[in-house]
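Here is the structure we will look at, set down as C-alpha cells.
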Amino acid sequence: MKSPLLTLPGAVPAEGVDEGVAAHYGDLFREQRALADGTGFVDLSHRGVVAVTGEDRLAWLHLLLTQHVSDLPAGRATEALILSANGHIEHALYLVDDGGTVWAHVEPGSQGALIAYLESMKFFYKVEVADRTADTAVVHLPAGSIAEVPEGVVVRETPHGRDLFLPRTDLEAYAAQAGPPAGILAHEALRVEQHRPRLGFETDHRTIPHELGWIGSAVHLQKGCYRGQETVARVQNLGKPPRRLVFLHLDGSEVHLPVAGTELRLADDGPDGRKIGFITTSARHHELGPVALALVKRNVAVDAPLVAGDTAAAQEVVVAP
C-alpha cells in the first residue's frame, strides 16, 4: 500500500519489504538525530493491521500466542509470537487492547496469512478477526515525543515510543502537524542500536525465540500450552539455542555496508575460514557509525574478532551463549 506521504519534499521510496513508505526524506542522519531527540514521526502505514473483537478475544488469543494476554489491561502494550508446531517463529504481533478491540500491527503483507491461521482456530469462541490495513495506518512517535495524539486514536506505548493506529484518511493531516518526518532507514538504524529483532530480518525458517532474546518480552514462560510451547520449554529448561543474536560494530573505513546475508567468519581464520554466522540487518548510525545485527553460532567466543565479508566486525553480546 503506497503512502501519500511519499509526495512530501525529499521523499525517497523504500525498497523490498518496506516498499510503500519513504526510505528517507533527504538527510538520513538528521532524521535519526530527530528521532533520538524525541521529535518527528515515522510513517509505518505499510504495515499490516489486524483487529480482534468479541468478548472472548483475550482468552482466545491467550491460547494461540506466546504471550500472557488473558488479563491484559486496556491500554497496556505488549508483543507476542505465533510459532510452528516445532517452535519456529511464524508471526510477530505488536498489540494493545483498547477495552473492546485488540489491535495489532504486523510485518507488511503478512496479515493475510496471520488472519487465515486465526480464522482456522476460532472454533466456538465469540471472536471476530478483521484486516484493518486498508483503513488504518500505523504512525510511530519516538520516545520523548510531545506530539499530540488525536482524540479517539488507539495508542500502543512502549519504552521506544508510541505507535498510533490512525485512520488512514487522517494520515496526511496528522503528518502536517506532527513534526519533521523520518524515513524507515532512520527507524531501522535505531532499532539495530536497541538490539530489537524484526521478523523476516533477524529470523529465517528455523529461528526459535531464544536465539533473538524474545524470551520475556514476547514469550511468557509461565503460561499454559500453545503451539510450539514444547520446544520453548525444552530449550529453556534442558538446553541452549543453536545460534545467538549479536550486535556488531563494523569497520568504518569501508565505503559499503555488508548487506543482509553476508557471511561471518572468525578474523583469525582468514577469508577461507568456516562460516560461523551471517548479517541480518546493517545500518549507518548517526553516532555509532556502521553497525549491524547478526546471528552467530552459540559457541563463538563473545570476544572473538569477526569478519563480515571483507569488513572487520567487533561483537557486543545481545543473547548470552
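The values are calculated or read from the model by the stated rules, or taken from the named source; none is laboratory data. In this text, all values refer to a predicted model and were calculated from it rather than measured experimentally. Here the Cβ is made from the backbone with ideal geometry for all residues, glycine too, and neighbour counts use every protein chain on show. Accessible surface areas use protein heavy atoms only, side chains included; no ligands, DNA or RNA. Shrake-Rupley method; radii C 1.70, N 1.55, O 1.52, S 1.80 Å.
Quick notes
- For the range 291-317, filtered to residues that are among the small types (Gly, Ala, Ser) and outside any strand (DSSP E or B), the residue that is surrounded by the most Cβ atoms within 10 Å (Cβ to Cβ) is Gly309.
- Checked against (1) more than 21 Å from Leu190 (Cβ to Cβ); (2) modelled with pLDDT of 95 or more; (3) surrounded by fewer than 18 Cβ atoms within 10 Å (Cβ to Cβ), Met1 meets all criteria but (2).
- Among residues of the range 138-154, those that are closer than 19 Å to Pro181 by Cβ and either open to solvent by less than 40 Å² (accessible area, probe 1.4 Å) or of a type in the set (Gly, Ala, Ser) (or both), counted: 10
- Failed item, numbered, when Pro108 is tested on (1) closer than 22 Å to Leu65 by Cα; (2) surrounded by fewer than 16 Cβ atoms within 10 Å (Cβ to Cβ): (2)
- Taking the range 226-256 as the range and being free of Cβ contacts under 8 Å to residues at least 40 places away in the same chain and assigned to a loop (DSSP other than H, G, I, E, B) as the test, the residues that pass are Gly239, Gly252, Ser253, Val255, His256.
- Considering the conditions (1) open to solvent by 30 Å² or more (accessible area, probe 1.4 Å); (2) closer than 30 Å to Ala59 by Cα, Val235 is excluded by exactly one of them, (1).
- Within the range 248-270, the set of residues being polar (S, T, N, Q), open to solvent by 60 Å² or more (accessible area, probe 1.4 Å) and within 10 Å of Asp310 (Cα to Cα) is empty.
- The number of residues in the range 20-77 being at positive phi and over 22 Å from the mean Cα position of the chain (by Cα) comes to 2.
- All positions within the range 275-305 that are in contact with a Lys or Arg (Cβ under 7 Å, 6 or more places away or on another chain) and free of Cβ contacts under 8 Å to residues at least 40 places away in the same chain: Lys275, Ile276, Gly277
- Counting only residues that are on the phi < 0 side of the Ramachandran plot, out of contact with any strand residue (DSSP E or B) (no Cβ under 6 Å at 6 or more places or on another chain) and either hydrophobic (A, V, I, L, M, F, W, C) or open to solvent by 20 Å² or more (accessible area, probe 1.4 Å) (or both), the range 203-216 holds 6 of them.
- Residue in the range 100-109 that is assigned to a helix (DSSP H, G or I), over 19 Å from His220 (Cα atoms) and within 22 Å of the chain's Cα centre (by Cα) present: no
- Considering (1) loosely packed, with under 13 Cβ neighbours inside 10 Å; (2) over 23 Å from Arg206 (Cα atoms), the lone condition that Leu288 does not fulfil carries the number (1).
- Listed by first and then second residue, the pairs with beta-carbon distance under 7 Å, at least 6 apart or on different chains, first residue in the range 166-193 and of a type in the set (Asp, Glu), second assigned to a loop (DSSP other than H, G, I, E, B) and surrounded by fewer than 19 Cβ atoms within 10 Å (Cβ to Cβ), are Asp170/Pro150; Glu193/Leu288.
- Positions within the range 212-240 being over 26 Å from Ser70 (Cα atoms) and at pLDDT 95 or above, in sequence order: none
- Among the residues of the range 6-35, those that are buried (at least 20 other Cβ atoms within 10 Å of the Cβ) and either in a helix (DSSP H, G or I) or of a type in the set (Ser, Thr, Tyr) (or both) comprise Asp18, Tyr25, Leu28, Glu31, Gln32, Ala34, Leu35.
- Only one of Asp163, Asp135 that is touching a Lys or Arg at 6+ places or on another chain (Cβ under 6 Å), surrounded by fewer than 15 Cβ atoms within 10 Å (Cβ to Cβ) and not aliphatic (A, V, I, L, M): Asp135
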